[in-house]
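To keep things clear, I will list the structure first and then write my remarks on it.
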Amino acid sequence: MASITLNALAHTYTENPTKPEDYAIREMTHVWEQGGAFALLGPSGCGKSTLLNIISGLLKPSNGEVLFDGKRVNELKPEERNIAQVFQFPVVYDTMTVFDNLAFPLRNIGVPEYKVKSKVYEVAEILELSDQLKRKAKGLSADQKQKVSMGRGLVRDDVSAILFDEPLTVIDPQLKWKLRRKLKQIHEQFNITMVYVTHDQLEASTFADKIAVMYNGQIVQFGTPRELFENPAHTFVGYFIGSPGMNFFDAELKNQGGKEALMFGDHEISVSDAMLTRLKAMGANKVTLGIRPEFVHVWDGKNSDAFHVDVDYVEDLGTYKILSFLFHGQVMKARLSEDQKVPSGQIYVSFPEQWTKVYVDDYLVDLTDSAVDHDKKKEIQHAN
Ligand SMILES: Nc1ncnc2c1ncn2[C@@H]1O[C@H](COP(=O)(O)OP(=O)(O)OP(=O)(O)O)[C@@H](O)[C@H]1O
């Protein structure tokens with residue numbers, strides 16, 4: 001078991017990189033603490049597999065270091081790193097029995113046979129494979145094979161970490177949920193550092209205590225599922241997490257009757273005085289505002305403090321409804337609870353100040369950070 005540190009790590013597949021886009025991994029420093037259950041979440045092509053392959057040693061990074069428990073491992077071969085990796089597609093030996101497949105990683109490092117037996121039985125029990133041990137792997141279904149693949153990752157006590165690269169891709173939807181729960185249970189039982197790569201937010205949040213959201217070769221936020229939902233640090237996190245994602249609209253900082261205000265067309269959007277002061281100090285005249293559909297307040301009747309908007313349509317999703325409305329010509333969404341009246345025509349909505357997030361150059365303006373910190377985050381993204 002180990003912590004995994006990525007220190008000023010960057011990777012390019014291009015021989016002579018000249019611009020940030022030439023990097024599959026843009027410079028990042030990141031720590032996966034020992035024993036944690038983590039997810040690496042991001043869309044296709046954002047660099048997830050590249051990062052996993054660098055950690056496991058299948059790929060040599062262009063810059064920076066990988067450290068396990070503080071020790072540099074860049075020069076170690078994959079087999080010397082004690083990392084177990086479970087891939088999208090099962091890696092099993094078809095001609096071997098399930099028992100021999102599970103025993104393989106242990107026999108490979110010369111573990112005595114009595115220990116092999118007890119460990120294989122233990123892992124088979126957890127994965128509900130005990131009654132399959134004598135079967136040849138060839139006859140197993142895809143999800144049983146993937147369980148064997150996972151088991152091969154779990155049998156060794158000496159692994160520093162287990163990396164899962166979209167491990168449930170080939171699993172039936174009904175079984176996915178069960179296996180995800182199983183993995184979580186295994187994590188609690190074994191206390192091994194686990195990094196679970198996926199493009200699926202539900203998979204990430206059911207498995208992981210903390211999720212790293214990756215976008216364009218950068219980890220743009222590392223936080224609990226709740227933090228990512230309530231306080232997206234980057235517009236991409238707002239857009240990618242949640243269903244539907246965050247509403248975004250552009251606003252301008254203007255002087256209205258001697259006082260600064262954030263305006264969206266003719267509408268003044270309510271943010272704190274501290275935020276207005278911060279934006280002025282940053283020289284940020286144009287900002288992006290974000291509010292989750294769950295936090296848009298839809299009033300039942302007329303309200304002088306709310307915006308008067310047009311209902312576009314209402315989508316019924318069973319236990320809740322999504323209302324689409326037009327706000328100054330822009331389509332926005334609000335989530336209605338089951339018991340909420342379905343509005344039509346013209347209605348009143350408001351955006352509670354605490355849930356109206358302000359972004360400058362895609363990064364959250366966080367009043368708990370200094371203005372300098374905001375610029376630093378931007379700089380990191382544009383580094384290399
Ligand atoms: N061997 C390679 N040679 C050149 N470019 C590559 C290579 N492997 C990946 N890339 C590029 O690096 C970027 C990151 O790819 P990577 O496979 O790491 O992303 P990913 O998030 O794992 O995507 P997916 O979920 O589709 O596998 C992409 O632009 C991809 O085209």
Any residue that is within 16 Å of the ligand (Cβ to nearest atom), buried (at least 21 other Cβ atoms within 10 Å of the Cβ), assigned to a strand (DSSP E or B) and in contact (Cβ under 8 Å) with a residue 40 or more places away in the chain - is there at least one of those in region 197-204? yes
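Looking at Ala212, is it away from the ligand (no atom under 16 Å from the Cβ), at pLDDT 85 or above and hydrophobic (A, V, I, L, M, F, W, C)?
Values: away from the ligand (no atom under 16 Å from the Cβ): no; at pLDDT 85 or above: yes; hydrophobic (A, V, I, L, M, F, W, C): yes.
Here the answer is no, as Ala212 does not meet what is asked.
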Total residues in region 221-253, condition in contact (Cβ under 8 Å) with a residue 24 or more places away in the chain and assigned to a strand (DSSP E or B): 9
So, of the residues in region 297-319 that are of a type in the set (A, V, I, L, M) and under 33 Å from the mean Cα position of the chain (by Cα), which turns out to be surrounded by the fewest Cβ atoms within 10 Å (Cβ to Cβ)? Leu317
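Check whether at least one residue in region 21-42 is polar (S, T, N, Q), within 14 Å of the ligand (Cβ to nearest atom) and either farther than 23 Å from Pro232 by Cα or not assigned by TED's automatic domain parsing to the domain that holds Met214 (or both), and report yes or no.
Of the residues in region 21-42, the ones polar (S, T, N, Q) are 29, 34.
Within this subset, residues satisfying the condition of being within 14 Å of the ligand (Cβ to nearest atom) are none.
So far as region 21-42 goes, no, none of its residues is polar (S, T, N, Q), within 14 Å of the ligand (Cβ to nearest atom) and either farther than 23 Å from Pro232 by Cα or not assigned by TED's automatic domain parsing to the domain that holds Met214 (or both).
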Residues being within 12 Å of the ligand (Cβ to nearest atom) and touching a Lys or Arg at 6+ places or on another chain (Cβ under 9 Å): count how many of those fall in region 1-20. 1
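Does Ala251 count as surrounded by 19 or more Cβ atoms within 10 Å (Cβ to Cβ) and under 25 Å from the mean Cα position of the chain (by Cα)? Even if it seems obvious, please write down each step before you answer.
On the way: surrounded by 19 or more Cβ atoms within 10 Å (Cβ to Cβ): yes; under 25 Å from the mean Cα position of the chain (by Cα): no.
No; evaluated as a whole, the condition is false for this residue.
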Does region 181-196 hold any residues that are free of Cβ contacts under 8 Å to residues at least 60 places away in the same chain and either surrounded by fewer than 16 Cβ atoms within 10 Å (Cβ to Cβ) or of a type in the set (Val, Ile, Thr) (or both), and which are they? Arg181, Gln185, Glu188
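If I go through region 103-137 residue by residue, how many of them are exposed (fewer than 12 other Cβ atoms within 10 Å of the Cβ) and assigned to a helix (DSSP H, G or I)? Reasoning before the result, please.
First, pick out the residues of region 103-137 that are exposed (fewer than 12 other Cβ atoms within 10 Å of the Cβ): 108-110, 112-115, 118, 125, 131, 134.
Applying the additional criterion that residues be assigned to a helix (DSSP H, G or I) yields 108, 113-115, 118, 125, 131.
Of the residues in region 103-137, 7 are exposed (fewer than 12 other Cβ atoms within 10 Å of the Cβ) and assigned to a helix (DSSP H, G or I).
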Do we have any residue at all in region 117-126 that's on the phi > 0 side of the Ramachandran plot, out of contact with any Phe, Trp or Tyr (no Cβ under 9 Å at 6 or more places or on another chain) and at pLDDT below 95? no
Tally, over region 162-196, of residues that are touching a helix residue (DSSP H, G or I) at 6+ places or on another chain (Cβ under 8 Å), in a strand (DSSP E or B) and more than 16 Å from the ligand (Cβ to nearest atom): 2
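The values are calculated or read from the model by the stated rules, or taken from the named source; none is laboratory data. Since the model is a prediction, treat every value here as computed from it, not as a measurement. Counting neighbours? That spans all protein chains shown, and the Cβs are built from the backbone with ideal geometry, glycine included.
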